[in-house]
Every structure is written in structure tokens, then in C-alpha cells.
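Accompanying notes for the structure given below.
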Amino acid sequence: MLNLFITGCIMICLTLPLYGGQWQTTRYKDRVFTGITVNKDLVYQPNPPAHAKEKYYLLDLYQPQNDTSSSRPLIIWMHGGGFKFGNKKSRGTPLWSKRFAQRGYVCAAVNYRLSKKNTLSDFTALVKACSDAIEDINQVLSFFKENNGLYRIDTSRIILAGNSAGGMIALQSVYSNAELMRQRMQVAAASSPVSATRNPLHIAAVINFWGGMFDTSWLKNAGVPIVSVHGSKDRIVPFRKTDNGVYGSFIIHKNADALHIPNRLKVYEGYAHELQKKFNPFWAGKATKVRWQEAGQFAADFLYEELFR
């Protein structure tokens, strides 16, 4: 009987797939690769606008090691920092890029232009900074569209993701456009025609970690799935209120439900911005990083259900 039991266990193990040295069952949901490769400081915009810093147009590319798949989904990760601070190495961006690469995604942690104005107290400056960042992310998208063969990208499964300002960029990139952003700033329409197309590059999903929208009526413009994570006591991007002109994840979730947009929300009760007990922009402890990993798994589960089932 013991020999039969051992033989059965061996046969079960042999039927499980092996990815990157780990026994796992579900690509894109579980961390199925142990190793990753990181290509740093790739230039996604070789001809930047005048007076723009070259460092704004760099990205780090994370890929699963020994991956033989010929067509892989891409997640573009955008850092937070209020559109004034931060870069592709900030806060949880490298962590999420690494973990999702281990799940089988290609991940791009990107820089984008930062504002010289006080975006936290000047709403027009905030919207303008987000609009500029959207232009940069469109360049990132064009870069990967043009090089999809080189990096083995499935261009029908590109996901925009970010925390705080990065989440705002992701949401506005999909559900807004240049003209709507101008209207939100109460700026006159451009003299030359501007495309009113929403989601022109066909983004497959949005990961919104404690970000927000400038106008939730824009949700009717597209039906792109949204997964959000937010702390209930966030005062930087309020979870429920709109005191600063930004609609938080609870309001996005409520309106997305009303429009039957696939979405899911995870709330950390009692936690502030960046899922910290008390928001600290300069330091995050081990417990906070554990919550960031939980947020990543929550997003991975949602994406798997929406895009791969």
C-alpha cells in the first residue's frame, strides 16, 4: 500500500507543469517563474519635446526568465508622487513589476514628465500634469506596438497600471482624451482638431492602486475592466469624497457597477494613502510592502478572470 501511495504521488507531480523551476498551476495568476530579467533605461521616446529631460523617457523592462511563450501580455506600470516626484524605481513599482513578471507578464516600469507646479493645491496644474503624462504613456504604447515582435507582446492584452498619480494616469488614459482634459481645465478648445476617440490603443484593463478620476461621467466612454485597491482613510486621494476634484475608488466602483463595467474593489479599512497606517512618502515598512503584495495578488486574480478564463 505504501508503494502504491508513493507511486501515485510521483505520477501526480509529473502531471504538474514546471515554470522557471517552480511547480505551479496557473500562469498569470500564480508566480510561476522564479527568475526574471531586467533591461534598464530603455529609451521609449528618442525625440523628446524641447526642454524636457531625457530621463523622463526611460523605462525598465521586466521579463520572466526562460519564458518560451511567443505572445505575452504587457503591463505598463506608472509610479506615484503627485506628478512632482518619483520615478520608475519608486515605492511599489519595482515590486509589482517583478511579481507580475514572475506570473508570466512582461512589465514596463516607466518614467514620465513631472510638473514644476504645485499639483496638490492647484487643480488646473494637476489636470495639466496628468494630461502631459498621458501623452508620454501614449509614446510608451507606440514603442511597444512597434516592437511587439522583439519583446513578444500580445498587443490585444496591454494593461495600464499604477499607484496614486500612476493610477490616475491609467484611468484617464483609457476613459478620457485630450479634449475632455482641456474642458476639465476650463481651457479653450485647440485651434486644430483633436481626436475625441477614447481608448484609441485598445487597452485591455486598468489596475488602479489608490488613484482617482477627474470626472466619473467619463466611465460611459469605454467598458474597460478596472481593478482598484484603496485605503478607507486616504486623505491624499480620498476614497469616498471629492473635496479636491478627484473621485476616489469607491465612487469609481459605484459608477462602474451602474454602467455594468467589469470591476472589483478591495478596501483596506483604517489605512491611509499607499496602504500605510500613516502616510509617509519617504519610507515604507515591511507590513506595508506585504499589503502591496496582497494588492498585487488581488489585481492578478481579477485580470486572470477577465482576460484569460
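The values are calculated or read from the model by the stated rules, or taken from the named source; none is laboratory data. Computed from a predicted structure; not experimentally measured. Ideal geometry is used to build each Cβ from the backbone, glycine not excepted, and the neighbour counts take in all protein chains shown. Areas reflect the complete protein model, heavy atoms only, side chains present, ligands, DNA and RNA absent. Shrake-Rupley method; radii C 1.70, N 1.55, O 1.52, S 1.80 Å.
Assorted remarks:
- Look at (1) modelled with pLDDT of 85 or more; (2) of a type in the set (Val, Ile, Thr); (3) not in a helix (DSSP H, G or I) and you find that residue 134 fails only one, number (3).
- Residue within the stretch 233-245 that is part of a loop (DSSP other than H, G, I, E, B), touching a residue at least 24 places away in the same chain (Cβ under 8 Å), open to solvent by 20 Å² or more (accessible area, probe 1.4 Å) and among the β-branched types (Val, Ile, Thr) present: yes
- Total residues in the stretch 255-309, condition outside any helix (DSSP H, G or I) and among the aliphatic types (A, V, I, L, M): 6
- Yes/no for residue 119 being in a loop (DSSP other than H, G, I, E, B), at negative phi and open to solvent by less than 10 Å² (accessible area, probe 1.4 Å): yes
- Within the stretch 141-174, tally of residues that are crowded, with 24+ Cβ neighbours inside 10 Å and either assigned to a strand (DSSP E or B) or not polar (S, T, N, Q) (or both): 13
- Scanning the stretch 74-99 for residues that are buried (at least 19 other Cβ atoms within 10 Å of the Cβ), out of contact with any helix residue (DSSP H, G or I) (no Cβ under 7 Å at 6 or more places or on another chain) and of a type outside the set (Ser, Thr, Tyr) returns 86, 88.
- Output for the stretch 31-69, where each listed residue is part of a loop (DSSP other than H, G, I, E, B), open to solvent by less than 40 Å² (accessible area, probe 1.4 Å) and more than 17 Å from residue 132 (Cα to Cα): 32, 33, 35, 67, 69
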